[in-house]
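This report refers to the structure that appears directly beneath it.
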There are 4 protein chains.
Amino acid sequence: MTTGVWLIGARGSVAVTSMVGATALRAGLAEPLGCVTELPELASEAVPGLGDLVFGGHDISDITLEKKVEDLVAAGVLPARPAAAVADKLAALERELRPVPSAATQLETARLIAEDIDDFRRRRGLVRVVVVNVSSTEPAVVPHPAHGVLADLEDALSSPGAILPPSSLYAYAALVAGCSYVDFTPSTGTRLPALRELASSAGLPYAGHDGKTGETLVKSVLAPMFAMRNLRVRTWAGTNLLGGGDGANLADPAANAAKAGSKQRVLAETLGYQPQGSSHIEYVDDIGDFKTAWDLITFSGFLGTRMRMEFSWHGCDSALAAPLVLDLARLTAAAHAAGRSGPLTELAFFFKDPIGEVPHDLPGQWAALVAFVRGLDGAA
Amino acid sequence: MTTGVWLIGARGSVAVTSMVGATALRAGLAEPLGCVTELPELASEAVPGLGDLVFGGHDISDITLEKKVEDLVAAGVLPARPAAAVADKLAALERELRPVPSAATQLETARLIAEDIDDFRRRRGLVRVVVVNVSSTEPAVVPHPAHGVLADLEDALSSPGAILPPSSLYAYAALVAGCSYVDFTPSTGTRLPALRELASSAGLPYAGHDGKTGETLVKSVLAPMFAMRNLRVRTWAGTNLLGGGDGANLADPAANAAKAGSKQRVLAETLGYQPQGSSHIEYVDDIGDFKTAWDLITFSGFLGTRMRMEFSWHGCDSALAAPLVLDLARLTAAAHAAGRSGPLTELAFFFKDPIGEVPHDLPGQWAALVAFVRGLDGAA
Amino acid sequence: MTTGVWLIGARGSVAVTSMVGATALRAGLAEPLGCVTELPELASEAVPGLGDLVFGGHDISDITLEKKVEDLVAAGVLPARPAAAVADKLAALERELRPVPSAATQLETARLIAEDIDDFRRRRGLVRVVVVNVSSTEPAVVPHPAHGVLADLEDALSSPGAILPPSSLYAYAALVAGCSYVDFTPSTGTRLPALRELASSAGLPYAGHDGKTGETLVKSVLAPMFAMRNLRVRTWAGTNLLGGGDGANLADPAANAAKAGSKQRVLAETLGYQPQGSSHIEYVDDIGDFKTAWDLITFSGFLGTRMRMEFSWHGCDSALAAPLVLDLARLTAAAHAAGRSGPLTELAFFFKDPIGEVPHDLPGQWAALVAFVRGLDGAA
Amino acid sequence: MTTGVWLIGARGSVAVTSMVGATALRAGLAEPLGCVTELPELASEAVPGLGDLVFGGHDISDITLEKKVEDLVAAGVLPARPAAAVADKLAALERELRPVPSAATQLETARLIAEDIDDFRRRRGLVRVVVVNVSSTEPAVVPHPAHGVLADLEDALSSPGAILPPSSLYAYAALVAGCSYVDFTPSTGTRLPALRELASSAGLPYAGHDGKTGETLVKSVLAPMFAMRNLRVRTWAGTNLLGGGDGANLADPAANAAKAGSKQRVLAETLGYQPQGSSHIEYVDDIGDFKTAWDLITFSGFLGTRMRMEFSWHGCDSALAAPLVLDLARLTAAAHAAGRSGPLTELAFFFKDPIGEVPHDLPGQWAALVAFVRGLDGAA
Ligand SMILES: NC(=O)c1ccc[n+]([C@@H]2O[C@H](COP(=O)([O-])OP(=O)(O)OC[C@H]3O[C@@H](n4cnc5c(N)ncnc54)[C@H](O)[C@@H]3O)[C@@H](O)[C@H]2O)c1
Ligand SMILES: NC(=O)c1ccc[n+]([C@@H]2O[C@H](COP(=O)([O-])OP(=O)(O)OC[C@H]3O[C@@H](n4cnc5c(N)ncnc54)[C@H](O)[C@@H]3O)[C@@H](O)[C@H]2O)c1
Ligand SMILES: NC(=O)c1ccc[n+]([C@@H]2O[C@H](COP(=O)([O-])OP(=O)(O)OC[C@H]3O[C@@H](n4cnc5c(N)ncnc54)[C@H](O)[C@@H]3O)[C@@H](O)[C@H]2O)c1
Ligand SMILES: NC(=O)c1ccc[n+]([C@@H]2O[C@H](COP(=O)([O-])OP(=O)(O)OC[C@H]3O[C@@H](n4cnc5c(N)ncnc54)[C@H](O)[C@@H]3O)[C@@H](O)[C@H]2O)c1
Ligand code: NA
Ligand code: NA
């Protein structure tokens, strides 16, 4: 059941950590920590194994994998030992990466993107490819009338000009190439009616948005705790200090706004009201991939007594994200194989800003995920 | 459905906050924050209302309720306004409190305790009384051969000497008086085979042990988060700084050990292994009822990358405990009415050290609690 | 040595806490905690006593002192007992407060302000009045050519239009009225060449800027610690969550910028370089006067080993500021009496953004303060 | 001015980090971060340079330096690059280490220790050797009548039996060998009248006790801040989680007590009173050399308003200690050269539990240190 994983942003931190990690795990160099799909509760014949994954992808950067791995080791993201052990596999991975095509119209660019993916599938003899967007976060999309209906969209794409943001153009190309699509970023991706129409008519599944790796993960268990205990959260304010490629990108207020939005939604959804306070993101180059988040929560209990909680989270963003990218690729491929199409709402467990009317508490999302995998077994 | 609540330790912080709070809530002076049974998911005709509760109890102390309320207001545990508003109700509450009886043998003492409870029931015309232990934490029990079988126990109790620790003598007396029993403390209470035999033969329900109000509550949602994400917790070390009556008592290493034990169990039960580190309790008079707990968690993720989280919790212990005491009294009375006997394992949600083979993650305990209340509806 | 203290912003939190606090201390209702001038090292015959202070002031608000005290008690800023004990003194204080005068030109307005102050001095038979600005923080000043020279300034003030921001107009009026001036806010105040000229020609002392009460206070001892140990601070990033009147005002980005600037200066001055990271201020209504600040510091030691420190500070801003307002009034009055004129650089201890080339480490500022007081003794 | 540094506990973490670090710095492989004596304020011709130090020492362990360096690199204490760069220097260092001699009486053992040191001095042609104790912390000393007078002590040492704890026996041997002595540990060392007598009659300087590297360092700047602001500290409670060799040793309650004592003294000395709360040490193997300390400080300000501060410190103990060991060796050697004898109280800056009536605030200690170095210049 060899499965292709085509990474948009394939030379970035998350992508490279995913590829190197999968290679190291396949070689038995480490335990599959962080890989949710490896938990006994989710074991399933219907889901491709870690060793069944084959990687390729697009990136606008031309940094070599060798250099990127060196940087990730120096930054403490990739441990030196497994990185060294897979050094001889980098050349083979490198051969599957492609520069981003560019043409006179977006329709033509999409065709070239789809062609790259299709080549990969044929060359490697793959039944199925999942396209995963792990490229830089985009600013919020500029609405366009052609976003509503597929026919209008394809019409508009065939003239010069940028109708779609990159994440959506990749999504369009992936679906055209018959691939499922996962959006690990807060970018627009499939979130346009015309693209939903395309996925549905092509019978393809997709998942998103924005991998849940740090502060939001903690929120998705703490906020339900306050709710279950009938404690009123008055303020929930957070600060995220992060560096690295993604950090630099988020320093741009437009991209930042998209991300900060995703991060507070969990509170309103699990508490039933929006407490005061916001989630602040600050770029600090020195912090690199080891994000530090600090949150203050003030709450009221019996007879209004005022109490508070603080937490700080010091997590390595790429090390938290990479195993989820592997999980998502495996689960989405399995859903595709099982004939699922449209949004995979049962994968909300993995996302800050999940699609659909789904639970936002982590345990509820976990229950949905377990049921989803059991359903795949049944379908097999 | 007027229900009696008989509090052991009725002049302590938790007990007085419970009684004053219930009185203030009944008078509509505050929202029922912290009261789990008031959440819409747990609404049930089978459960007595907050306004249906009537209080009495035993205490070895002779501090007046008036003085105790004054202290709790000064300490910021009870807000001044509701406390003032119920001042004229304290005399009536005071009339229902009794000194702890004492006699030549424990059997005779138990008979006198039961008599006090029975008087209360008859005087107030109550169908049912729940006895709730909120007295000072005891040292670990000294094993005695007569603890095993009820007949042996009653035999031993009829000679002079202390066969049972106070919490268990109260439990015995409660059951003899036909009352259900809740242990909100880490003390022994019903945890002796002879007492389980008595509860079962008398057809009475009981619940325990040790109300879950602070650090352990947080652990019961964070530890499952690490488990669901396949992150390996290496260290979980905690410090609890607390004052107040209970704090002073816990400064005694013997009582302390019982409590610290309850506090780490949740980790082994939810993670499947015991991480390094312990839970340290320190008495600091100045801190009073506003406990500060700090926990450090170190964990490993993808390829072994090391990460960490810290939290600090600044909660008012009595304000967190009191609404749970009311919840437990209401739910246990409802179970009694529905004919339940033996341990109420579905109430694990409320306890640090729950009885039986039950979930230790808060969401699992919540699901069990919801099902329990729905079951009561069915039985009604 | 009865000394007048004329407060700009006299109905604000800091002002009212200062007046009520001084009244309570004079009545012996509390120890003089937070009052630096009460420390034995600063005892001096040359400095007026706490009991020698007499208050008046301007405010644009017409909230009564009674209502403001009630609010401050409800918010936990003023303890209920001393507040109640001085309730009968509020009417007398109220009689000394004045609305802000307004006239056709700023020169005329200044004349009316000076007249109010002069009336106060004569009515109360005061030798000396210190004007202290504790009004809302202003946006950064708009430069104007007339700010450079006193003659030009007075010329420009005599035409309609706003040449000076309020803080500077008050400073001008204070100096014209023969009063010393303290700027407890980050506003412009005396920071214009024309006003420095006036102070010098009038032989009057002044001090500023921006009372140092929380995060910056901690920085002024921690940053020197890193410097003395030759540890390289890489990042120093902070978040300040605050509500209250001042918080609402700082939510305005323009005012905010002035404040955040003051807050980082201490690092460059004590470390000799500017680490990465900024100081972020967020308004959270619920937090009120009890500001929570959190700072992350990352640093490198021997052979470059990377380490970190975090702190969180939960302080009541007005309770920290009020005693410093009293200290500054007493010390500035004493300097005035001793014939000092121009900037009182020795009062840097009290300010986030002190005037002049002065030490920015707290111990260095303390040494300068002690020497200053000893110098006053000598002058006496 | 080549100076010998003889390390007791030469195969331990602090010792090996010191030796490897000095070697790397001499080779220009890193900046001298953490080295106080390299600050411009302390530059002096009278103090030997980092490159003038030559190392030897005793240890009871026979772990090789190569293995120990490997462990320290794996633990993140020594960065990989400088460690690799000095690998070829380890054999030379190894040749200067000696097993701990043992004989029938402690007097004879001391003679053999002194002989090892003397051999080192002659072999390497050194004018002067400083003996620095960085071996495991001992339990509190058992008093013995012979500790009072040198003649009695030497008499008692000549019979079989353990009259002196190891740290004091090393101190005795060092002084007998004409060497100055630094105690970087909380052990007894020179703290016996008979040894003070010996140092004074031999005209030798000594310094101690217990290197100040983490929580106590922070206390020595924060506590004076509260004092200078007349804020009353009510509680100061701390938890130290640490692993590593020293951590394992401190898990022993007897050694632990000595250390926890040193850690709270700074508060009483700088505040003038002892706040509530204690300093708790817990051994957590996983934490290794990267200690995490958390402190809670509650304090009262104006009119008694209650406030709080928390900090957490995540420092690498050996990386903080090693540069101080180098500083102390250089400064003590310079004092010896300048003819100083007896306790070097001006080195209090470096110690948790400094000898003599000295300032306990870091800035006061810094001033004393600067004056001390300037005095050496004068003496030269
Ligand atoms: N790491 C986490 O915890 C986490 C969590 C949730 C979401 N994300 C998202 O994952 C994404 C990747 O994060 P990262 O840390 O790897 O960032 P990164 O900056 O290291 O990598 C992004 C890569 O995308 C490439 N790229 C940019 N525009 C592109 C385009 N138009 N086409 C193809 N490639 C393009 C860049 O050249 C770069 O190599 C970000 O959007 C981030 O917000 C990460
Ligand atoms: N507050 C919480 O968050 C919390 C959480 C879990 C468990 N608990 C447990 O609840 C209990 C009560 O806590 P608290 O803060 O109210 O303590 P407290 O010290 O204020 O009150 C205890 C009361 O019990 C009384 N008492 C002691 N021995 C007695 C006896 N033999 N018979 C009758 N009365 C006796 C005391 O006189 C006192 O009035 C403690 O055991 C505590 O461990 C509290
Ligand atoms: N509290 C602290 O710790 C602290 C520290 C440093 C500086 N400060 C500064 O002190 C000032 C006061 O803080 P606060 O918390 O009392 O604020 P506040 O909002 O409670 O009070 C400010 C008062 O100034 C009045 N005011 C506004 N404009 C005025 C004008 N033109 N003339 C006269 N009065 C005017 C307002 O009506 C209000 O009553 C702020 O500028 C703040 O930045 C406070
Ligand atoms: N690292 C710090 O921040 C710091 C701060 C203050 C004090 N200290 C003290 O420094 C000492 C060393 O700390 P470490 O982390 O290097 O510990 P460590 O356990 O790594 O090293 C101690 C060494 O001493 C050796 N030793 C034990 N007994 C001996 C004896 N009788 N004679 C000779 N050698 C002996 C051990 O074999 C070991 O090699 C400890 O006492 C510690 O308390 C360390
Ligand atoms: Na931390
Ligand atoms: Na806190």
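Since every read-out is calculated from the coordinates, none of them should be taken as a lab result. Keep in mind the model is a prediction, meaning the values are calculated, not measured. Cβ coordinates were reconstructed from backbone atoms using ideal geometry, including for glycine residues, and neighbour counts include every protein chain displayed.
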Once you have the Cα-Cα distance between residue D:379 and residue D:84, take 0.36 nm times their residue separation minus that, and quote the gain in nm to one decimal. 102.1 nm
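In chain B, what % of DSSP beta bridges are antiparallel (nearest 5)?
Working: 21 of 51 bridges.
Given both bridge residues lie in chain B, the antiparallel proportion sits at roughly 40 percent.
Which shape class, rounded, prolate or oblate, goes with segment C:40-176 when its Cα gyration tensor gives a ≥ b ≥ c as root eigenvalues, a/c under 1.5 marks rounded, and past that a/b bigger than b/c marks prolate? Write out the running numbers ahead of the final one.
Values: a/c = 2.03, a/b = 1.66, b/c = 1.23.
Taking the square roots of the gyration eigenvalues as a ≥ b ≥ c, segment C:40-176 is prolate.
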Between residue D:52 and residue D:285, what is 0.36 nm times their sequence separation minus the Cα-Cα distance? Round to one decimal in nm. 80.3 nm
Residue A:212: which aspartates and glutamates have alpha carbons under 14 Å from its alpha carbon, excluding same-chain residues fewer than 8 sequence positions away? A:183, A:317, A:327, A:353, A:361
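Where both partners of a DSSP beta bridge lie in the protein assembly as shown, what percent of those bridges are antiparallel, to the nearest 5?
Values: 98 of 218 bridges.
Rounded to the nearest five, the antiparallel share is 45 percent.
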Using a label point 7 angstrom from Cα along Cα-to-C-beta, what distances in nm, from shortest up, separate residue B:64 from the other copies? 3.5, 8.1, 8.7
Ratio of alpha-carbon Rg to the 2.2 N^0.38 Å globular estimate for the protein assembly as shown, to two decimals, please. 1.00
In Å and from the alpha-carbon atoms only, list the Rg and Dmax of segment C:49-105. 13.7, 45
Taking the label point 7 Å from Cα along the Cα-Cβ vector, the copy-to-copy distances for residue C:339, listed from shortest in nm with one decimal, are 4.8, 10.1, 10.3
Can you tell me which of B:12, B:342, B:57 moves the most in a GNM of chain B? Springs connect C-alpha atoms under 10 Å apart. B:342
homo-copy label distances at residue A:28 (7 angstrom along Cα-Cβ), nm, one dp, ascending, are 4.8, 7.3, 8.5
Loop GluC sites (Glu not before Pro), segment B:43-129 (other Cβ atoms within 10 Å of the site Cβ: 14 or fewer; DSSP): B:45
Can you compute log10 of I(q)/I(0) for chain C with the Debye formula, treating each Cα as one identical point scatterer, at q = 0.07, 0.09, 0.12, 0.14 Å⁻¹? -0.30, -0.51, -0.92, -1.25
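Determine the dipole magnitude for the protein assembly as shown: charges of +1 sit on the beta-carbon of Lys and Arg, -1 on that of Asp and Glu, nothing else is charged, the reference point is the Cα centre, and the result goes in debye to the nearest 20.
Values: 124 positive and 168 negative charges, 1 e Å.
Result for the protein assembly as shown is approximately 0 debye, rounded to the nearest 20.
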Reach of residue B:219 by Cα under 18 Å, taken over lysines that are not fewer than 8 positions away in the same chain: A:219, B:259, B:263, B:291, B:352
List the relative contact order of segment A:1-154 as a percent without decimals, with contacts defined as Cα pairs under 8 Å and 6+ residues apart. 38 percent
Counting only residues 5 or more places away or on other chains, whose amide H sits under 5 Å from the amide H of residue A:234 once H atoms are built in the peptide plane? A:298, A:299, A:300
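Tell me the net charge near residue B:102. Cut-off is 15 Å between Cβ atoms, residue B:102 excluded, with +1 for each Lys or Arg and -1 for each Asp or Glu. Don't skip to the end; give the middle numbers.
Details: positive: B:98, B:111; negative: B:59, B:62, B:108, B:115, B:116.
Computed value for this residue: -3.
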Given the DSSP H assignment, sum -39500 (n - 2.57) over each helix run of at least 4 residues in chain D and divide by its residue total; what's the result at 222 nm in deg cm²/dmol, nearest 500? -13500 deg cm²/dmol
Which Rg and Dmax, in Å, describe the Cα atoms of segment D:91-163? 14.9, 44
Estimated inter-spin distance, residue C:196 and residue C:62, nm [label 7 Å along Cα→Cβ]: 4.1 nm
Equivalent ellipsoid semi-axes, segment C:101-245, via Cα gyration tensor eigenvalues times 5, rooted, Å: 34, 18, 16
Highest to lowest packing among C:180-188, C:275-283, scored as the average C-beta count within 10 Å: C:180-188, C:275-283
Could you give the nm distance between label points at residue A:2 and residue A:70, where each point is 7 Å from its Cα heading toward the beta carbon? 3.1 nm
Using a Gaussian network model of chain B whose springs link C-alpha atoms within less than 10 Å, name the residue from B:325, B:134, B:54 with the highest mean-square fluctuation. B:54
Scan around residue B:58 for amide H atoms under 5 Å from its own, H built in the peptide plane at 1.01 Å from N, and keep only partners 5 or more places away or cross-chain. B:7, B:8, B:9, B:10, B:98
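Is there a simple number for the mean count of other chain Cβ atoms within 10 Å of the Cβ of residues in A:78-84, and what is it?
Numbers: counts 3, 5, 1, 2, 3, 1, 0.
Per-residue shielding by partner chains comes out at 2.
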Once phi is turned into θ = phi - 60°, what whole-Hz ³J(HN,Hα) does the Karplus curve with 6.51, -1.76 and 1.60 give for every residue of segment C:107-120, x standing for Gly and Pro? 4, 5, 4, 4, 4, 5, 4, 4, 5, 4, 5, 5, 3, 4
Given a cut-off of under 8 Å on Cα pairs at least six residues apart, what relative contact order in percent is computed for segment C:92-160? 42 percent
Return the single residue from D:348, D:334, D:87 with maximal mean-square fluctuation; model: Gaussian network over chain D, springs between Cα atoms under 10 Å. D:87
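Which whole number gives the average, over all residues in B:30-38, of C-beta atoms from other chains lying within 10 Å of the residue C-beta? Let's see the in-between values first.
Working: counts 5, 6, 3, 11, 11, 4, 4, 1, 1.
Across the residues of B:30-38, the mean count of other-chain Cβ atoms within 10 Å is 5.
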Among the lysines, which have Cα under 16 Å from the Cα of residue D:89 when same-chain residues fewer than 8 positions away are ignored? D:67, D:68
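Between residue A:43 and residue D:95, what's the calculated FRET efficiency when r is the beta-carbon distance and R0 is 60 Å? Round to 0.05.
Numbers: r = 57 Å, r/R0 = 0.95.
Result of the calculation: an efficiency of 0.60.
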Gap separating the Cα centres of segment B:299-374 and segment B:75-129, nearest whole Å: 27 Å
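Is the C-alpha gyration tensor of segment C:1-110 telling us rounded, prolate or oblate? Criteria: a/c under 1.5 is rounded; beyond that, a/b larger than b/c is prolate, otherwise oblate.
On the way: a/c = 2.30, a/b = 1.30, b/c = 1.77.
Cα axes put segment C:1-110 in the oblate bin.
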Mind checking D:215-223 for the average number of partner chain beta-carbons within 10 Å of each residue's beta-carbon? 3
Residue among C:172, C:104, C:192 farthest towards the positive dipole end of chain C, charges placed on Cβ: C:192
Any residue on another chain or 5+ positions along whose placed amide H is under 5 Å from the amide H of residue D:184 is listed here as D:133, D:210
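Compute the Cα gyration tensor for segment C:24-73, then decide on rounded, prolate or oblate, letting a ≥ b ≥ c be the square roots of its eigenvalues: rounded whenever a/c is under 1.5, prolate when a/b is larger than b/c in the other cases, and oblate in all that remain. Mind dumping the intermediate values first?
Working: a/c = 2.87, a/b = 1.89, b/c = 1.52.
The shape class here is prolate.
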Under 8 Å for C-alpha pairs, at least 6 residues apart: give me the relative contact order for chain A, rounded to a whole percent. 21 percent
Please report the net charge: other residues with Cβ closer than 12 Å to the Cβ of residue C:197, K and R +1, D and E -1. -1
What number comes out for the charge environment of residue D:38, summing +1 per Lys or Arg and -1 per Asp or Glu over other residues with Cβ under 15 Å away? -1
